[in-house]
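Here the structure comes first, spelled out in structure tokens, and everything after it is commentary.
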Amino acid sequence: MPTPDRNRDFEGRTALVTGAGKGIGRATVQLLVERGARVIAMSRTPADLQTLTQETGCETVCVNLADAAATSQAADAAQPVDLLVNCAGIVELRLFLDTSIEAFDTIMAVNVKAAMIVAQQCARSMIPRDVRGSIVNVSSLSATVGLPLHAAYCASKAALDALTRVMAVELGPHDIRVNSVNPVVTLTPMAEKAWSDPAKSAPMLERIPLNRFVQPLEVARTIAYLLSDDAAMISGVSLAVDGGFQAG
């Protein structure tokens with residue numbers, strides 16, 4: 001069992017986490033609750049939300065983020081929040097020549113458009129309240145590295161990084177910081193779908209100097225750092241969590 005986190009950086013603050021049912025999002029909810037935050041967990045899967053609230057006491061919102069109107073309504077209803085983690089993401093593995101318009105549109109809708117919509121609603125609530133807000137978009141190393149079978153996914157994460165920079169520039173004057181985290185392969189259920197074949201995962205591991213993939217809690221701790229006052233002058237950054245992948 002991991003040692004309980006004694007840090008209470010987020011006492012008295014409210015955080016909204018999308019994609020909270022599994023993987024990085026779930027680990028982030030658990031960590032933020034441990035550090036004192038009131039957390040609203042957003043996911044499309046009721047069973048995941050039920051077990052998460054039993055484990056952490058978080059509040060929950062069930063919504064399909066591919067539905068823009070429902071996403072906007074849910075994000076608005078969740079206000080007021082002080083911190084946002086846009087963690088929701090999907091992947092569909094197809095060769096570039098086989099990538100369908102429908103798959104591309106769905107991945108962009110969840111991975112980019114939903115992040116924009118939720119962040120808009122949060123920022124619209126933060127600004128009139130003079131909140132020193134912080135937003136973290138969960139991107140990926142694939143924003144800058146072309147991975148076979150990931151055409152739509154790579155495009156979506158590159159778009160999310162670009163969106164992060166614009167948000168940082170425009171929201172900075174309102175004292176709202178915006179950053180992204182860009183992990184290499186993280187051991188989540190979605191990663192199992194993409195990297196369970198040793199023939200595929202072995203070459204990727206060989207390019208990581210620390211010689212392992214990332215654990216969800218390690219990404220969650222990076223997210224918590226960027227949300228916290230310890231990162232008070234960090235904004236517009238895409239922070240790699242890659243074990244040295246990009247150094248090689």
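What follows draws every value from the coordinates through simple rules; no lab data is involved. Just so you know, these numbers come straight off a predicted model, no measurement behind them. Here Cβ is always computed from backbone atoms with ideal geometry, including for glycine, and neighbour counts include all displayed protein chains.
Short to long, the 5 Å bins of the Cα pair-distance histogram for the range 149-201 hold 4, 16, 19, 19, 14, 11, 8, 5, 2, 1 percent of all pairs. Remark: the range 14-240 carries a charge dipole of roughly 200 debye about the Cα centre, counting +1 on each Lys and Arg Cβ and -1 on each Asp and Glu Cβ. Under the shape rule built on the C-alpha gyration tensor, where the axes satisfy a ≥ b ≥ c, the range 5-151 is prolate, since a/c reaches at least 1.5 and a/b is greater than b/c. Modelled this way, with points 7 Å down the Cα-to-C-beta line, the labels at Q246 and R124 are 3.3 nm from one another. In this structure the amide hydrogen of I90, modeled in the peptide plane, comes within under 5 Å of the amide hydrogens of N111, none closer than 5 places in sequence on its chain.
Computed extension length for V61-R221: 55.3 nm, one decimal, from 0.36 nm per residue of separation with the Cα-Cα distance subtracted. When H174, H150 are arranged by Cβ crowding within 10 Å, least crowded first, meaning fewest neighbours, the order is H174, H150.
Put a dot 7 Å past the Cα of L93, heading toward its Cβ, do the same for T144, and the two dots end up 2.5 nm apart. Put simply, the amide H of V61, placed in the peptide plane, has neighbours under 5 Å in A41, M42, S43, leaving out anything fewer than 5 places away on its chain. Listed by chain and number, the aspartates and glutamates whose alpha-carbon sits under 12 Å from that of K22, ignoring those within fewer than 8 places in the same chain, are D48. Take the alpha carbon atoms of the range 207-248, find their center, do the same for the range 119-142, and report the distance between the two centers in whole angstrom. After rounding, the separation between the Cα centres reads 19 Å.
Bridging of K157 to aspartates and glutamates at a Cα separation below 16 Å is possible for E92, D105, D242, once same-chain residues fewer than 8 apart are set aside. 3J(HN,Hα) along the range 142-159: 5, 5, 10, 10, x, 10, x, 6, 10, 4, 5, 5, 4, 4, 5, 6, 5, 5 Hz, from the Karplus curve 6.51 cos²θ - 1.76 cosθ + 1.60 with θ = phi - 60°, whole Hz, x for Gly and Pro.
For the pair M233 and D9, the difference between a 0.36 nm per residue extended length and the Cα-Cα distance amounts to 79.0 nm.
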